[in-house]
Amino acid sequence: MDYELTYADSVPEGAALVDTLRGLADRSGTLYLGFDTEFYNIRIGKESTVARSEVHFASLAWDYPGARLHPRGFTVPRAAVVSRTVSKSPQFRDFLEGEGPRVICLGHNLPVDANTMWNAGVRINGINTLTMARWTWPGRARAQYGGGGFALDALSKDV
């Protein structure tokens, strides 16, 4: 495994994770987190997540001082999976909404995750990496020009 993984299934475990993450903010008081949710209660491709999807769990990833360097040249992140109970807890909500460090969530197709968290009563601030990829490499959309598409797997291999 190329990362250290933490599972936070209870509110006390989630609070301990939040305490750890608060200490990782940069000099400007900002913390960047990779962010993703898994959700249910909708039919993918047929229904919107707006006001419907329910969070099953959320995944976080972050860089940290002294992180191990991967042979391919990037630092190996730490990661956490938090249960629905933790993701709806007041401590986790207050942390993501910016009490303490300013938290910026980086997510591929972030509006889906933001809507899912909003449905759970949590407002997240973030950057949609899918939109960034589409603006930065528009030619990836066309296979005849060598485009590999915008799926996260394809981007991670090529970029």
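The values are calculated or read from the model by the stated rules, or taken from the named source; none is laboratory data. Keep in mind the model is a prediction, meaning the values are calculated, not measured. A quick note on method: Cβ atoms are made from the backbone with ideal geometry, for glycine too, and the neighbour counts reach across all protein chains shown. For accessibility, only protein heavy atoms count, side chains too; no ligands or nucleic acids. Shrake-Rupley method; radii C 1.70, N 1.55, O 1.52, S 1.80 Å.
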Checklist line | Quotient of Cα Rg and 2.2 N^0.38 Å for the chain, N being how many residues it contains | finding: 1.10
Margin query: Please report the projected area of the range 1-68's Cα convex hull averaged over all directions, in nm².
Written below: 6.9 nm²
Checklist line | Low-density loop positions, trypsin sites (Lys or Arg not before Pro), the range 27-111 - DSSP coil, at most 15 other Cβ in 10 Å | finding: R27, R43, K46, R52, R68, R72
Next item on the list: With θ set to phi - 60°, apply the Karplus curve 6.51 cos²θ - 1.76 cosθ + 1.60 along the range 30-40 and write out the HN-Hα couplings as whole Hz, x wherever there is a Gly or Pro.
Entry: 10, 10, 9, 10, x, 9, 8, 10, 10, 9, 9
Notebook entry, point to check: the range 86-127: which chymotrypsin sites (Phe, Trp or Tyr not before Pro) are DSSP loop and have at most 11 other beta-carbon atoms within 10 angstrom?
Noted result: none
Next item on the list: Search the structure for amide H atoms under 5 Å from the amide H of R102, placed 1.01 Å from N in the peptide plane, and list their residues when 5 or more places away or on another chain.
Entry: T30, L31
Next item on the list: Work out the length of the dipole vector of the chain about its Cα centre, built from +1 on the beta-carbon of each Lys and Arg and -1 on the beta-carbon of each Asp and Glu, and round it to the nearest 20 debye.
Entry: 520 debye
Note to self: Let me check something: with ligands and nucleic acids excluded, how do V81, V55 order by accessible area (1.4 Å probe), largest to smallest?
What the structure shows: V81, V55
Check: Quick one: longest stretch of the chain between exposed loop GluC sites (Glu not before Pro), exposed meaning at most 16 other C-beta atoms within 10 Å and loop per DSSP?
Finding: 100-159
Next item on the list: Could you please state, rounded to a whole Å, how far the C-alpha centre of the range 117-131 is from the C-alpha centre of the range 1-47?
Entry: 12 Å
Note to self: Past the 20 angstrom mark, what percentage of all C-alpha to C-alpha distances in the range 36-104 do you count?
What the structure shows: 47 percent
